[in-house]
Amino acid sequence: MAHPYHHALSSVKKWGGTAQDYQRIHDWFDESKQITADFRHRALRHHAEGIFMAETIFGKTITLSTGRIIPVRWIGEQHVREDLGFIPSFADWVKAIRPEPWMGRAHKLETETPQEVAA
Ligand SMILES: [Zn+2]
C-alpha cells in the first residue's frame, strides 16, 4: 500500500515541483485510514466522486512551487489509479458492501410538540 508521501513523489515525477506541493491532497485521500486500518478505508474517497470532492476542497487547480498550475483532478486520478489500477465509481464500491438489516431499518419519527418547536 503506497504511503501518501510516495504518491507525492510520483506527482513530482509527472509534473515537477516538490513533494510538499502535493502532500496535502494525497494525505486527504488516505485520511480514511484513521477510520479503517485496512484497504477498505479506500471506499470513502478512492473513486470518481472522491476525486471531484477533492476539487471542492482544494480548488480546481494548485500552483506548484515552480509556478506551474496543475488540475487537482489529475492528482486525484493519479492517486486512485496508483492504488487501485483504475478509477471506480462509488457504485462499484457499493456493489461490494454486503447489505445488513440495520442499513435499511426505518423507525417511526417522534412527533414534535408545540413547546419543542417554539424552543
Ligand atoms: Zn490511497
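For this structure, a couple of remarks:
- Estimated vicinal HN-Hα couplings, Hz - the stretch 39-52 in sequence order (Karplus 6.51, -1.76, 1.60; Gly, Pro = x): 4, 5, 4, 5, 4, 6, 9, 8, 6, 4, 5, x, 5, 5
- Applying the criteria of a DSSP loop state and at most 13 other Cβ atoms within 10 Å to the GluC sites (Glu not before Pro) of the stretch 21-119 yields GLU110, GLU112.
- Residues in the stretch 32-115 average 73 Å² of solvent-accessible surface per residue, probe 1.4 Å, ligands and nucleic acids excluded.
- Summing Cβ point charges (Lys, Arg +1; Asp, Glu -1) relative to the Cα centre of the chain gives a dipole of roughly 460 debye.
- 3J(HN,Hα) along the stretch 92-103, derived from phi through the Karplus expression 6.51 cos²θ - 1.76 cosθ + 1.60 where θ = phi - 60°, amounts to 4, 5, 4, 4, 8, 8, 6, x, 10, x, 5, 5 Hz, with x in place of Gly and Pro.
- Coupling constants for the stretch 59-73 follow from the phi torsions by the Karplus curve (6.51 cos²θ - 1.76 cosθ + 1.60, θ = phi - 60°), and in residue order they are x, 5, 9, 10, 9, 6, 4, 7, x, 6, 9, 10, x, 4, 4 Hz; glycine and proline get x.
- The chain, accessible surface, carbon-and-sulfur percent (1.4 angstrom probe): 58
- By the rule of a C-alpha distance below 14 Å, with chain neighbours fewer than 8 residues away ignored, the aspartates and glutamates paired with LYS13 are ASP21, GLU82.
- Highest-MSF residue in the chain out of PRO101, PRO71, PRO88 [GNM, Cα springs under 10 Å]: PRO101
- Taking amide H atoms as placed 1.01 Å from N in the peptide plane, the amide H of THR61 lies under 5 Å from those of VAL72, each 5 or more residues away in sequence or on another chain.
- For the stretch 70-107, applying the loop criterion from DSSP together with a ceiling of 15 other beta carbons within 10 Å to the trypsin sites (Lys or Arg not before Pro) yields ARG105.
- For the stretch 1-93, the spread of Cα positions along the three principal axes, ordered from largest to smallest, is 36, 22, 22 Å.
The values are calculated or read from the model by the stated rules, or taken from the named source; none is laboratory data. This structure is a prediction, so every number in the text was calculated from the model and none was measured. Cβ sites come from the backbone with ideal geometry, for glycine too, and all protein chains shown count toward neighbours. Just so you know, the surface numbers come from the protein's heavy atoms only, side chains and all, with ligands and any DNA or RNA stripped out. Shrake-Rupley method; radii C 1.70, N 1.55, O 1.52, S 1.80 Å.
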